[in-house]
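What follows is calculated from the coordinates using simple rules that are stated; it is not laboratory data. The shown structure was predicted, so the numbers you read here are calculated from the model rather than taken from an experiment. Cβ coordinates were reconstructed from backbone atoms using ideal geometry, including for glycine residues, and neighbour counts include every protein chain displayed.
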Amino acid sequence: MSVERVLLIGYRSGVVKALRRFGVPFALWTQKSVALKTEPLFQLHSDIPAPHKEIEAVLENFRAHGPYTHVLAGTEGAVYAASVARRFFDARKSRHSTVIKCHDKLFMKSHLKRHGVPMTEFMRFKEELPPGQVLDKLGVPVVVKARKLSGSRGITYAETEQAVANSGDRSHILEKFVNAPEASIESFVNGGKILFTNTTQYLKKGHINLVPSQLPTKQVDEILKLNTQVIEALRIQWGITHLEVYLSDSGALFGEIALRPPGGYIMELISKAYGFNAWEAFVSVELDRPFVFHTEARQYTAAHILHPGEGVVRSVNRFEKAVANEFAYKSRLKVKEGDSVAARAGVGEDIGYLLYAAANPETLRGALSGESTLIDVD
């Protein structure tokens, strides 16, 4: 086997730590400069462009510091660029068509619908399509999504014909609104086989995640079956997948799937709940290394992600009290009293978090009760 050398596109501290522990040299392409204790082979900070040729132009900066045996995508915005880089450097290749389908919601949903995957109604935005027909098919409100963004970014809602007409362009997809709880499934895949799965319950989307989920067994079995159907239909060969589902009254509906580590501190929750390092597992399947997974959760975990909305921080007293909870094992607050908080553009943005762990779900929910808002803003 050749000596491993990695190009990491999109900074994630967990990935960097895992590469360090494995002793794998790496170069880093990140949108913002990152101070590392030990310098990588090469670091470049710049935006990640969308066009293929522009990505290749940036990759030329890394050529002298190669060769690279593997390219890892740490963030959603890096997934397409990483696929281009694998071909550019002749590194371990994934199916580029699979990456495109997972990167573009229209291609993703169109492909999976042909494979019989249950999902909400959707259509491509067409300027010539009468808005009244859109409302007749999709109902009110119409969900308008940017085709290549994730984490609740680029989502708006249209409730009138005029709003539909002004809602977007060909870079958007229109969907029927689903009023249902949501969950996700995280899978580690290698050799086309699912090696491990976890289900995450969104107790409060964007704010409270539970790992593993506390959903009824029948519902868990249903979404795991859906997860397998999607992974097989997309012919995903390796990496980590993050699939989001709507838990509707009529059954589980596919939302979207991403080929990168999830946000929402889910990787940290998986590590704590199952007793293995999820970041090391991710790097292992990316590098085609063996890894021992623990498939049964040893405890229940939760992330309380903090973002109170736009305003000025008035008090952090409730956060400080929550930190003292015996089941809170890790916390961070990024603001102090008097700081301004910007409006939240997506669920990936936060001003802090608390992570909890308990031996049973009842204790975990008890630790979370009464803690819906921990930061007061004016």
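Per-residue Karplus couplings for the range 148-165, computed as 6.51 cos²θ - 1.76 cosθ + 1.60 with θ equal to phi - 60°, are listed in order as 10, 10, 9, x, 6, 7, x, 10, 9, 10, 10, 10, 10, 4, 5, 5, 5, 4 Hz, Gly and Pro entered as x. The HN-Hα couplings worked out from phi for the range 247-262 by the Karplus form 6.51 cos²θ - 1.76 cosθ + 1.60 (θ = phi - 60°) are 9, 7, 4, 8, x, 6, 10, 5, x, 6, 9, 10, 9, 6, x, x Hz, whole numbers, x standing for Gly and Pro.
Placing one equal scatterer on every Cα of the range 182-377 and applying the Debye formula, the log10 ratio I(q)/I(0) at q = 0.12, 0.13, 0.19 Å⁻¹ is -0.62, -0.72, -1.30. Here the dipole of the range 45-109 is about 380 debye; that uses its Cα centre as origin and unit charges on the Cβ of Lys and Arg (positive) and Asp and Glu (negative). Mean projection of the Cα convex hull over all viewing directions, computed for the range 121-176: 3.2 nm². Which of the trypsin sites (Lys or Arg not before Pro) found in the range 279-318 are in a DSSP loop and have at most 14 neighbouring Cβ atoms, other than their own, within 10 Å? Qualifying residues, ordered by number: Arg298.
For the chain, the Cα gyration tensor yields ellipsoid semi-axes of 30, 29, 23 Å (square root of five times each eigenvalue, largest first, whole Å).
Computed from the C-beta positions of Lys37 and Lys330, the FRET efficiency with R₀ = 22 Å rounds to 0.60. If you take the Cα centroid of the range 22-84 and the Cα centroid of the range 302-324, the two points sit 34 Å apart. For a straight C-alpha distance cut-off of 26 angstrom, the lysines reachable from Lys334 (same-chain residues fewer than eight places away being disregarded) are Lys17, Lys32, Lys37, Lys204, Lys205, Lys272, Lys321. The calculated 222 nm mean residue ellipticity attributable to helices in the chain amounts to -8500 deg cm²/dmol, summing -39500 (n - 2.57) over DSSP H runs of n ≥ 4 and dividing by all residues. Once the Cα-Cα distance is subtracted from the 0.36 nm per residue extended length, the Arg153 to Ser369 segment shows a gain of 74.9 nm.
This ranking places Lys330, Lys37 by how few other beta-carbon atoms lie within 10 Å of each, fewest first, which gives Lys37, Lys330. Projecting the Cα atoms of Phe196, Ser340, Ala358 onto the dipole axis of the chain, where Lys and Arg carry +1 and Asp and Glu carry -1 at the beta carbon, places Phe196 farthest toward the positive end.
Of the beta bridges in the chain, as assigned by DSSP with both residues counted there, near 85 percent are antiparallel. Each residue of the range 212-229 was assigned a 3J(HN,Hα) from its phi angle through the Karplus expression (A = 6.51, B = -1.76, C = 1.60, θ = phi - 60°), giving x, 4, 10, 7, x, 3, 4, 5, 4, 4, 5, 6, 5, 5, 4, 4, 5, 4 Hz with x at Gly and Pro. Here's how it looks for Ser248: its modeled amide H is under 5 Å from those of Leu253, which are all 5 or more places away or on a different chain.
The order of the peptides 290-296, 143-149 by mean Cβ neighbours within 10 Å, most packed first, is 143-149, 290-296. When the range 121-176 is described by a simple charge dipole with +1 on each Lys and Arg Cβ and -1 on each Asp and Glu Cβ, the residue from Gln133, Asn166, Val144 located farthest towards its positive end is Val144. Summarising the amide proton neighbourhood of Val312: residues at separation of 5 or more, or on other chains, whose placed amide H is nearer than 5 Å comprise Val341, Asp378.
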